[in-house]
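**Q** This structure is in structure tokens; I'll ask about it shortly.
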Amino acid sequence: MFFFEDDRKAKVSTINAEQINGILGIKESFELPDRLMEILRDATDRERIFEEFLTIESDLSFDWFTDYFQESHSNRDNMMQDFTPKALCAMLPEIAGTYQNAADYCAGTGGLTIAAWNRNKTAFYFCAELSKRAFPLLLFNLAIRNMDALTLNQDILSGEIFGIYRLTPGERFSRIETLERLPELPLFDYVMMNPPYSLKHKWNEKEGDPRFMGYGYPPSQFSDYAFILHGLYQMKDGGTLCAILPHGVLFRGNKEAAIRKALIENKLVYAVIGLPEKLFLNTGIPVCVLVLRKSEDTLVIDASKAYKAAAKQNFLTAENTEKILSALRLRANIDKFACLVGRREIAENDYNLNIPRYVDTYEPPPPIDIVSVTREMADLNRQIHQTERKLLDFFRDMVGMDDQHKNEMREIVTIWEEICGEYAEQTSEAL
């Protein structure tokens, strides 16, 4: 069994923002992308800062810069950027299994790629990232780990490329070469992604984009399936794609329903894993992992309750992660957690993959304790009667200003005496 750290106890870098800025010779975090990119282009400066960083932090198993970048540079409102929790990063390569090469689309600063590298340090890695603020840190993370990699500063949806960098393993660190042209890409054993959720993009359907052949174009208002189909286009037959996505991809209609139907009919939807809400720092929405791999059936997992709660975020524990992976290995029905579904059943549900359609997590309410409820009702009745008696005493003490008011007060007292007397009679009869 692979060892997973609890996200609550996940390793935290010993490098702080002040030290990072000091090594790079900057005063403010907004200066980091340009300065770091300048350093990375110079072999001498690059190796110097790598050595400086490693004197402070030598553990390369995780991304040191997630918190630094997330709090200082991320752009949730415009780019829908969310950094993947460490436990989730570590789980995806376990789902993928063995791989000799891997692609990370919308790579951010490289959290998913680093997790994949932890599992296979000799594989070839391809990363594409649009953000010019995140990209220098992505390049840094790959090079300091001496990875064999190709990285693109690229808009995946439009295909526009802003920079191409080839990383070749050296004695300690990767050499970085700037390329003028994109070399021919291989097909990948493992494709991973945590793309921007429900990003808008206007498509020109007359272009005949080969990525969407046989599936159709995604809608302009939701680009989730555009990222999926892009990754699928670059995946080998027999490969695995793991995408972290909003639940809408499982049930939204129209163009997305047609794409979903084609994926299911092509026997590509291996698993759907529903995850807890509030796993991410910048959004509380629950997400799912869509696993594409050749399969005759689909395993649907409801892991929405598999978490450890904390104040601002929920966390996947080692036990939570292993429970999901065990279900994937077993590929069988697990009460209130997993259901193995055939294509016929999915078709009968109009190709809707919404998890509650397949996994029943309903818990019947506990039986009512009649004795306790009766006791509570009796206590409540006694409290009501006590209040009525106090009101009666209050009315008896009131004095009218004239004959009319005195008569009204006497009538009120009589009514409340009847009310209190009826309660006393009922209590006596009950006894």
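The values are calculated or read from the model by the stated rules, or taken from the named source; none is laboratory data. This one's a predicted model, so the numbers in the text were calculated from it and none came from an experiment. FYI the Cβ positions are ideal-geometry reconstructions off the backbone, even for glycines, and counts take in every protein chain you see. Just the protein is used for accessible areas: all its heavy atoms, side chains included, with ligands, DNA and RNA removed. Shrake-Rupley method; radii C 1.70, N 1.55, O 1.52, S 1.80 Å.
**Q** Conditions first: (1) at positive phi; (2) part of a helix (DSSP H, G or I); (3) among the small types (Gly, Ala, Ser). Gly216 passes all but one, so which condition is the exception?
**A** Exception for Gly216: condition (2).
**Q** Whether any residue in the range 120-133 is part of a helix (DSSP H, G or I), among the polar types (S, T, N, Q) and farther than 21 Å from Gly97 by Cβ is what I want to check. Even if it seems obvious, please write down each step before you answer.
**A** Applying the first criterion (part of a helix (DSSP H, G or I)) to the range 120-133 yields none.
Within the range 120-133, not a single residue is part of a helix (DSSP H, G or I), among the polar types (S, T, N, Q) and farther than 21 Å from Gly97 by Cβ.
**Q** Turning to a different aspect of this structure: Those residues that are part of a helix (DSSP H, G or I), closer than 17 Å to Val300 by Cα and open to solvent by less than 30 Å² (accessible area, probe 1.4 Å), I need them from the range 247-285; list them, please. Give the steps one after another, and end with the answer.
**A** Our first condition is that a residue be part of a helix (DSSP H, G or I); within the range 247-285, this holds for 248-251, 255-265.
Next, only the ones that are closer than 17 Å to Val300 by Cα stay: 248-251, 260-261, 263-265.
Gly248, Val249, Leu250, Arg260, Leu263, Ile264, listed by residue number.
**Q** Something else about it: So, in the range 327-342, how many residues would count as being within 15 Å of Val289 (Cβ to Cβ) and assigned to a helix (DSSP H, G or I)?
**A** Matching residues across the range 327-342 total 2.
**Q** I would also like to ask the following. Only residues that are touching a strand residue (DSSP E or B) at 6+ places or on another chain (Cβ under 7 Å), surrounded by 15 or more Cβ atoms within 10 Å (Cβ to Cβ) and in a loop (DSSP other than H, G, I, E, B): list them for the range 153-190, please.
**A** Ile156, Pro169, Ser174
**Q** Would you pick out the residues in the range 103-132 that are crowded, with 22+ Cβ neighbours inside 10 Å and either more than 21 Å from the chain's Cα centre (by Cα) or of a type in the set (Phe, Trp, Tyr) (or both)?
**A** Hits for the range 103-132 are Tyr105, Trp117, Tyr125.
**Q** Whether any residue in the range 317-334 is out of contact with any Gly (no Cβ under 6 Å at 6 or more places or on another chain), open to solvent by 90 Å² or more (accessible area, probe 1.4 Å) and either hydroxyl-bearing (Ser, Thr, Tyr) or in contact (Cβ under 8 Å) with a residue 60 or more places away in the chain (or both) is what I want to check.
**A** Taking every residue of the range 317-334 in turn, none turns out to be out of contact with any Gly (no Cβ under 6 Å at 6 or more places or on another chain), open to solvent by 90 Å² or more (accessible area, probe 1.4 Å) and either hydroxyl-bearing (Ser, Thr, Tyr) or in contact (Cβ under 8 Å) with a residue 60 or more places away in the chain (or both).
**Q** Still on this structure, I have one more. Quick one: Thr240 ticks every box in (1) free of Cβ contacts under 8 Å to residues at least 40 places away in the same chain; (2) surrounded by 18 or more Cβ atoms within 10 Å (Cβ to Cβ); (3) of a type in the set (S, T, N, Q) bar one, so which box is it?
**A** Status for Thr240: all satisfied but (1).
**Q** Now a separate question. Out of the residues in the range 286-301 that are out of contact with any Phe, Trp or Tyr (no Cβ under 8 Å at 6 or more places or on another chain) and in a loop (DSSP other than H, G, I, E, B), which is surrounded by the fewest Cβ atoms within 10 Å (Cβ to Cβ)? Give the steps one after another, and end with the answer.
**A** Applying the first criterion (out of contact with any Phe, Trp or Tyr (no Cβ under 8 Å at 6 or more places or on another chain)) to the range 286-301 yields 286, 288-290, 296-297.
If we keep only those that are in a loop (DSSP other than H, G, I, E, B) as well, we get 286, 296.
Details: Pro286: 18, Glu296: 8.
Of everything passing the filter in the range 286-301, Glu296 is surrounded by the fewest Cβ atoms within 10 Å (Cβ to Cβ).
**Q** Let me ask something else. Any residue in the range 139-156 that is modelled with pLDDT under 95, aliphatic (A, V, I, L, M) and within 27 Å of Glu31 (Cα to Cα)?
**A** Scanning the range 139-156, I find no residue that is modelled with pLDDT under 95, aliphatic (A, V, I, L, M) and within 27 Å of Glu31 (Cα to Cα), so the answer is no.
**Q** Let me ask something else. With among the acidic types (Asp, Glu), within 20 Å of the chain's Cα centre (by Cα) and either on the phi < 0 side of the Ramachandran plot or not in a strand (DSSP E or B) (or both) as the only criterion, which of Glu319, Glu345, Glu408 stands out? Talk me through it step by step, then tell me what you get.
**A** Numbers: Glu345 fails: within 20 Å of the chain's Cα centre (by Cα); Glu408 fails: within 20 Å of the chain's Cα centre (by Cα).
Among Glu319, Glu345, Glu408, only Glu319 is among the acidic types (Asp, Glu), within 20 Å of the chain's Cα centre (by Cα) and either on the phi < 0 side of the Ramachandran plot or not in a strand (DSSP E or B) (or both).
**Q** Follow-up. Filter the range 302-316 down to the residues that are in contact with a strand residue (DSSP E or B) (Cβ under 7 Å, 6 or more places away or on another chain) and touching a residue at least 60 places away in the same chain (Cβ under 8 Å), then identify the one that is surrounded by the most Cβ atoms within 10 Å (Cβ to Cβ).
**A** Phe315
**Q** Go through the range 197-235 and give me each residue that's touching a residue at least 24 places away in the same chain (Cβ under 8 Å) and either under 18 Å from Ile161 (Cα atoms) or over 24 Å from the mean Cα position of the chain (by Cα) (or both).
**A** His201, Gly214, Tyr215, Gly216, Tyr217, Ala226, Phe227, His230, Gly231, Gln234
**Q** Would it be correct to say that Arg41 is open to solvent by 70 Å² or more (accessible area, probe 1.4 Å) and modelled with pLDDT of 90 or more?
**A** yes
**Q** Can you list residue pairs whose Cβ atoms sit under 6 Å apart, with the first residue in the range 31-51 being closer than 19 Å to Ile15 by Cα and the second being acidic (Asp, Glu) and open to solvent by less than 70 Å² (accessible area, probe 1.4 Å)? Count only pairs 6 or more apart in sequence or on different chains.
**A** Ile39/Asp45
**Q** Report every pair of residues separated by at least 6 positions or lying on different chains whose Cβ atoms are under 6 Å apart, first residue within the range 150-165 and more than 27 Å from Thr122 (Cα to Cα), second in a loop (DSSP other than H, G, I, E, B) and open to solvent by 40 Å² or more (accessible area, probe 1.4 Å).
**A** The qualifying pairs are Asp155/Leu130; Leu157/His201.
**Q** Counting only residues that are open to solvent by 80 Å² or more (accessible area, probe 1.4 Å) and basic (Lys, Arg), which one in the range 191-211 is modelled with the lowest pLDDT?
**A** Here the answer is Lys206.
**Q** In the range 372-395, which residue that is open to solvent by 90 Å² or more (accessible area, probe 1.4 Å) and among the hydrophobic types (A, V, I, L, M, F, W, C) is farthest from Arg410 (Cα to Cα)?
**A** Of all residues in the range 372-395, those open to solvent by 90 Å² or more (accessible area, probe 1.4 Å) come to 375-377, 380, 382-383, 386, 389-390, 394.
Imposing the further condition that a residue be among the hydrophobic types (A, V, I, L, M, F, W, C) reduces the set to 377, 380, 394.
Numbers: Met377: 32, Leu380: 28, Phe394: 12 Å.
My answer is Met377.
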